[in-house]
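The values are calculated or read from the model by the stated rules, or taken from the named source; none is laboratory data. Computed from a prediction, not measured in an experiment: that's the story for all the values here. Neighbour counts run over all protein chains shown; Cβ positions are idealised from the backbone, glycine included. For the accessible areas, the whole protein counts, side chains as well, though only heavy atoms, and no ligand, DNA or RNA atoms are used. Shrake-Rupley method; radii C 1.70, N 1.55, O 1.52, S 1.80 Å.
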Amino acid sequence: MVAQPRLLDRFRDVLRRRHYSCKTEKNYIRWIKHFVTFHNMQSSREMGAAEVEAFLTHLANDFKVAPSKQNQAFSGLIYKLTQ
């Protein structure tokens with residue numbers, strides 16, 4: 001029996017097929033990992049707009065990230081959650 005590729009590996013494959021840069025790929029993966037960790041390893045399939053909003057608020061309030069970083073996190077999460 002052949003094992004299914006892990007979720008992040010499948011996500012990387014999609015980004016590579018669409019010719020995203022290596023830097024964008026690394027950043028999106030980092031934000032997705034941070035997002036899942038923030039939500040106590042809950043499956044991303046079970047999360048939606050409320051969880052994304054809570055995470056972005058957390059970044060702004062607790063980490064004081066710049067709006068550009070918040071937008072980058074949002075883009076990675078939305079891209080992932082819609083796949």
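List of remarks:
- Residues in segment 32-83 that are over 12 Å from the mean Cα position of the chain (by Cα), closer than 23 Å to R10 by Cα and aliphatic (A, V, I, L, M): M41, A49.
- The residue that is least open to solvent (accessible area, probe 1.4 Å), counting only those in segment 24-51 that are without any contact (Cβ under 8 Å) to a residue 24 or more places away in the chain, touching a Phe, Trp or Tyr at 6+ places or on another chain (Cβ under 9 Å) and under 14 Å from F74 (Cβ atoms), is E51.
- Looking across segment 35-51, the residues that are more than 15 Å from L7 (Cβ to Cβ) and assigned to a helix (DSSP H, G or I) come down to F38, A49, A50, E51.
- The set of residues from segment 9-23 being open to solvent by 30 Å² or more (accessible area, probe 1.4 Å) and either of a type in the set (F, W, Y) or over 13 Å from K80 (Cα atoms) (or both) comprises R16, R17, R18, H19, Y20, S21, C22, K23.
- Residues within segment 52-69 that are open to solvent by 50 Å² or more (accessible area, probe 1.4 Å) and assigned to a helix (DSSP H, G or I), tallied: 7
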